[in-house]
Amino acid sequence: MDRKLIDESKKYLMNTYNRAPIVLRKGRGMKVWDSTGKEYLDFVGGIAVNCLGHCHPKVVIALQKQAQRLIHVSNLYHIEPQIKLARLLVENSFADKAFFCNSGAEAIEGAIKLARKYAKDHVSPQKYEFITAYGSFHGRTLAALTATGQERFHKGFEPLVPGFKYVPYNDIEAIRKALTENTCAIMLEPIQGEGGIKMPSEDYFKQVREICNENKLLLILDEIQTGMGRTGKLFAYEHFNIEPDIMALAKGLAGGFPIGAILAKDAVAAAFQPGTHASTFGGNPLACAASVATIETLLEDGFLLDHCRRIGKYFKDNLEKLKRDFPSYIAEVRGLGLLLGMELTKTCGPIVESCSGRGILINCTSGNVLRFTPALIVAEKEIDYLIDTLEDIFGR
Ligand SMILES: *Cc1c(COP(=O)(O)O)cnc(C)c1O
């Protein structure tokens, strides 16, 4: 443990995170090393951010080249990597247009503004209300926080932003009941990530899409965690045979570099005109160059997406086996691709600590759900090592 650095960290940084007593210094692929030289296998992946692993050469080179050419110019001018990235996203999704920002919360804020503007312009001036789900997570800025259907995140920050209603996830009737003449959009995660890897039921999104069509509502998907190949498809909505009207992206979009995006169909995107929305750093040359390199690598031969589906199933099967062996510790295994959760019957803090002692980084969400979001390049033998370690820890 690097006592001196950790003390300084506590002295100079606001106390917003329950950080592990580890100072990470270097990473390559699935591995990271701390400041004492200890090696870890990283099953957190920056919380579903480092989709290609740490310091992927394609991303590193793209950043180096772009840093030498141009780092920032503002959106007063056209930016080559930004145009290239928008084209890549449009060609590989439901969308016709992209807007770039710097984080997930910023993408959600933009999506909320875009939906309200579109609804007021094209449906009715009184449309402003959003329906979101309990257990959701949409970010920490005030509107994104309000959209987040978990009271524990709201406490102390009231008054919240007006115009949000919550319904239980996976409950179609609850959505129908929550509709009013003021509703403008429904915003959901394809799989609830932060909320504990909660899966939608078979027909849920098809039915949500129908409700939106019948009532002239926009469907906003928050794919900040599920997007960029995480579930074995480039975007999770592809599993449900539906398309959203607006999608928010961030996390893995640039393989570790900060970026966010709002994607939309032309008719909806047109609600934004010069002066309605903007971001100084949004779509900045460095972030976009890293993102182009990330997406090109993800889509190359479809290899990584295939790998993610196959290895994700292998991972989940092994977690299920662990559950059969330790039914009193493990309540449920959930997830798709490499967005996997294992709900424990107790808090998971001690397990996370034991794993890190043995050189494996894992994450805990919602208090008792171990969340696994490794790089999409994770290998079978690395999963075997994690499973053996967990087996040993549960066995004691
Ligand atoms: C992480 C996350 C966010 C917030 O993203 P930030 O970049 O932390 O603002 C929003 N929605 C979902 C689904 C997320 O997983």
* Whole-Å distance, taken between Cα centres, linking segment 295-350 and segment 375-396 -> 11
* To do: Could you sort 224-230, 198-204 so that the peptide with the highest average Cβ count within 10 Å comes first and the rest follow in order?
  => 224-230, 198-204
* Structure fact -> Ranked by GNM mean-square fluctuation in the chain (Cα springs under 10 Å), the top entry among Lys165, Lys206, Lys177 is Lys177
* To do: Using θ = phi - 60° and the Karplus relation 6.51 cos²θ - 1.76 cosθ + 1.60, list the HN-Hα couplings for segment 312-323 in order, rounded to whole Hz, with x at every Gly or Pro.
  => x, 5, 4, 4, 5, 4, 5, 5, 4, 5, 4, 4
* Asked: So which cysteines in the chain don't have a second cysteine's C-beta under 4.7 Å from them?
  -> Cys51, Cys55, Cys101, Cys184, Cys212, Cys288, Cys308, Cys355
* Asked: Which of the peptides 47-57, 299-309 is most tightly packed, and how do the rest follow, judged by the mean count of other Cβ atoms within 10 Å per residue?
  -> 47-57, 299-309
* Structure fact -> Expressed in angstrom, Rg and Dmax over the Cα atoms of segment 319-381 are 11.6, 32
* Taking all pairs of distinct Cα atoms, average 1/r, flip it, and tell me the Kirkwood hydrodynamic radius of the chain in Å to one decimal place. => 21.8
* **Spatial separation of Cα centroids for segment 178-218 and segment 49-90, in angstrom** => 32
* To do: May I ask for the percentage of alpha-carbon pairs in segment 1-131 that lie more than 20 Å from each other?
  => 69
* **Over the chain: helical MRE at 222 nm, DSSP H runs n ≥ 4 each giving -39500 (n - 2.57), nearest 500** => -11500 deg cm²/dmol
* **segment 86-233 - Debye-derived log10 I(q)/I(0), Cα point model, q = 0.08, 0.09, 0.13 Å⁻¹** => -0.21, -0.27, -0.57
* To do: Evaluate the relative contact order of the chain (contact order divided by residue number), counting alpha-carbon pairs under 8 angstrom at least 6 apart; express in whole percent.
  => 22
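Read the figures in this text as sums done on the coordinates, not as results from a lab. All values reported here derive from a predicted model rather than from experimental measurement. Virtual Cβ from ideal backbone geometry, glycine too; neighbours counted across all protein chains shown.
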